[in-house]
Amino acid sequence: MKSVRVGLMLLAVTVLSSCDKPETKYNNVPPSAAHAWTPVTFKAADDLTIFGRRYDAAKPKAVILLFHQAESSKGEYTEIAPKLRDAGYTAIAIDQRSGGKFYGDNETVALLGKSADFLDTKPDLQAALNLAGNLKLPVILWGSSYSSSLVFPLAVENPGKVKAILAFSPGEYFPDKALVKTAAAKVDVPVFVTSASDPKEVAEARTIVAAVPGGKAEQYVPAAAAHGSSMLIAGKDSKGTEANWAAVMAFLKKVAP
């Protein structure tokens, strides 16, 4: 047992040797899942260090970039990312500079010293996309709440680099109340849009789907669902989780079989 622990410690040192600042705790991750991911750090264009977790599939079909909702962190995907990995998709969940402790510590916010505005996270998303490009795999963007809106302009600004989009509870959360619809009108990749079962969220999602040209967008209206990516977490939505996962997996199998 002692030799196994020593081996794990050496592996952790090797993985983190290139990081600017390694994670010092697991942010409320259950002990059984503590070594299911690899800590990563990378730089945004303004030199801010972005923290994340990488979940490597054995034979990846694509890499999915996981962006969290307001007051949240990469911990939003503690339960979600392993399921994606086990389905054959490498997943990278990051801490954007706008977030909080809703799902555990946000290390990027802690480093910055405050939570930034939603739009200020665009360099973080772009840096994650640049990082994913190094893996030479199809890249799928996955956003939750405000970040599910920002994946639309991110895809438009990076033609040919994005395979598909999944947007969980997108909306016009920014001063420009047409920002998302304007970007959606220029998207040329398959799009999956969903929301909480709240009628207002469903309607907002429908408006964004309608803006995507060529019938490339589909809307999944859940019978029961929490806001954002939380709709896939059993503890947040025990009634609809199974059906919600089935819809997500069906889309992923179409765009990256």
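Could you work out the helix-only [θ] at 222 nm for the chain, with each DSSP H run of four or more residues adding -39,500 (n - 2.57) and the total divided by the number of residues, to the nearest 500 deg cm²/dmol? Numbers along the way, then the final one.
Numbers: 8 runs with 85 residues, N = 257.
Calculated from helices alone, the mean residue ellipticity at 222 nm is -10000 deg cm²/dmol.
Share of antiparallel DSSP beta bridges in the stretch 51-151, in percent to the nearest 5? Intermediate results must be reported in sequence, preceding the final value.
Values: 4 of 14 bridges.
Counting only bridges with both partners in the stretch 51-151, antiparallel ones make up about 30 percent.
Taking the number of other C-beta atoms within 10 Å as the exposure measure, put 174, 168 in order starting with the fewest.
174, 168
Note down the nm distance, to one decimal, between modelled labels 7 Å out along Cα→Cβ at residue 101 and at residue 185.
My value for the distance between the label points is 4.3 nm.
Between residue 242 and residue 83, 0.36 nm times their residue separation minus their Cα-Cα distance comes to what? List each step's numbers first, then the result.
On the way: separation 159, 0.36 × 159 = 57.24 nm, distance 1.23 nm.
56.0 nm is the gain from fully extending residue 242 to residue 83.
Starting from 0.36 nm per residue, how many nanometres of slack lie between residue 117 and residue 200 once their C-alpha separation is accounted for? Don't skip to the end; give the middle numbers.
Values: separation 83, 0.36 × 83 = 29.88 nm, distance 2.34 nm.
Here the answer is 27.5 nm.
D for the chain, whole µm²/s, Stokes-Einstein with Kirkwood Rh over alpha-carbon pairs at 25 °C and 0.890 mPa s: what number?
Details: Rh = 18.3 Å.
Reported coefficient: 134 µm²/s.
Checking the table 74/186; 43/200; 101/216; 163/236 against a 31 Å threshold on Cα-Cα, which pairs fail? Walk me through the intermediate numbers first.
On the way: 74/186 28 Å; 43/200 37 Å; 101/216 35 Å; 163/236 29 Å.
Pairs exceeding 31 Å: 43/200; 101/216.
Taking neighbour Cβ counts within 10 Å as the exposure measure, how do 95, 105 sort from fewest upward?
On the way: 95 31, 105 21.
Placing the least packed residue first, the sequence is 105, 95.
Please compute, for the alpha-carbon atoms of the stretch 211-257, the extent along each of the three principal axes and give them in descending order in Å.
Extents along the principal axes: 36, 26, 15 Å.
Please report the antiparallel percentage of the DSSP beta bridges confined to the stretch 23-255, to the nearest 5.
On the way: 10 of 33 bridges.
Counting only bridges with both partners in the stretch 23-255, antiparallel ones make up about 30 percent.
Which order results if 150, 166 are arranged by neighbouring Cβ count within 10 Å, fewest first? Write down the numbers at each step before the final one.
Details: 150 28, 166 24.
Going from least to most buried by this count: 166, 150.
Using a 10 angstrom cutoff on alpha carbons, build the Gaussian network for the chain and name the most mobile of 196, 127, 155.
127
Once the other residues with Cβ under 14 Å from the Cβ of residue 132 are scored (Lys, Arg +1; Asp, Glu -1), what is the net sum?
Numbers: positive: 53, 54, 61, 136, 161, 163; negative: 56, 124.
Value of the local net charge: +4.
Roughly speaking, what is the stretch gain from residue 161 to residue 174, that is 0.36 nm per residue apart minus the C-alpha to C-alpha distance, in nm to one decimal?
That pair, residue 161 and residue 174, stretches by 2.2 nm at full extension.
We did not get these values from a lab; they are worked out from the coordinates using the rules stated. Fair warning: this is a prediction, and the values are worked out from it, not measured in the lab. Backbone-built Cβ (ideal geometry, glycine too); neighbour counts: all protein chains shown.
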